[in-house]
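Colleague: Once you've had a glance at the structure underneath, I'll fire off some questions.
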Amino acid sequence: MYNNVISDKERELFVNELNSFAYKFEQKEFDDLPGKNDPKSCINLWLGFKESYPFMFKLETALMVLHCSSVNVERSFSNLNDFKTPKRNKLNVLSLESSLLIYQKYKKEELF
């Protein structure tokens with residue numbers, strides 16, 4: 001569960017922190033927070049929780065940087081179609097991956 005953000009050692013602390021937050025939320029202890037409903041102050045809101053809920057802050061910080069678009073993935077699949085053609089149908093995964101990485105690194109330069 002989110003091992004790249006919260007380690008296995010921190011998991012129990014995170015779960016306890018999450019339960020505490022959920023309890024306080026249910027008790028409506030957060031209802032009077034300034035800027036609670038302002039999307040622009042979301043970062044400031046979480047900065048206020050940093051000391052009380054450090055693991056939730058780490059997770060929220062990681063979630064805030066998630067891409068909201070799949071353009072890069074779609075572009076990669078489009079590039080893949082340039083390499084995986086009927087004439088090159090026997091390329092294995094390693095060859096395709098290597099070709100894509102080389103293409104992405106040098107696509108703006110003329111190699112020949």
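Colleague: Any residue in the range 14-30 that's more than 18 Å from Glu51 (Cβ to Cβ): show its pairings with residues that are surrounded by 13 or more Cβ atoms within 10 Å (Cβ to Cβ) and of a type outside the set (Asp, Glu) at Cβ separation under 8 Å, as long as the two are six or more apart or on different chains.
Modeller: none
Colleague: Taking the conditions exactly as written (under 30 Å from Ser20 (Cβ atoms) and modelled with pLDDT under 80), does Leu66 satisfy them or not? Show your work before the answer.
Modeller: Values: under 30 Å from Ser20 (Cβ atoms): yes; modelled with pLDDT under 80: yes.
For Leu66, the condition - under 30 Å from Ser20 (Cβ atoms) and modelled with pLDDT under 80 - is met.
Conditions (1) of a type outside the set (Val, Ile, Thr); (2) surrounded by 13 or more Cβ atoms within 10 Å (Cβ to Cβ); (3) modelled with pLDDT under 75; (4) in contact with a helix residue (DSSP H, G or I) (Cβ under 6 Å, 6 or more places away or on another chain), marked per residue:
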position	(1), (2), (3), (4)
Glu12	yes, no, no, no
Val15	no, yes, no, no
Tyr23	yes, no, no, no
Glu29	yes, no, no, no
Asn37	yes, no, yes, no
Ile43	no, no, no, no
Gly48	yes, yes, no, no
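The values are calculated or read from the model by the stated rules, or taken from the named source; none is laboratory data. Remember, predicted model here, so these are calculated numbers, not experimental data. Cβ coordinates were reconstructed from backbone atoms using ideal geometry, including for glycine residues, and neighbour counts include every protein chain displayed.
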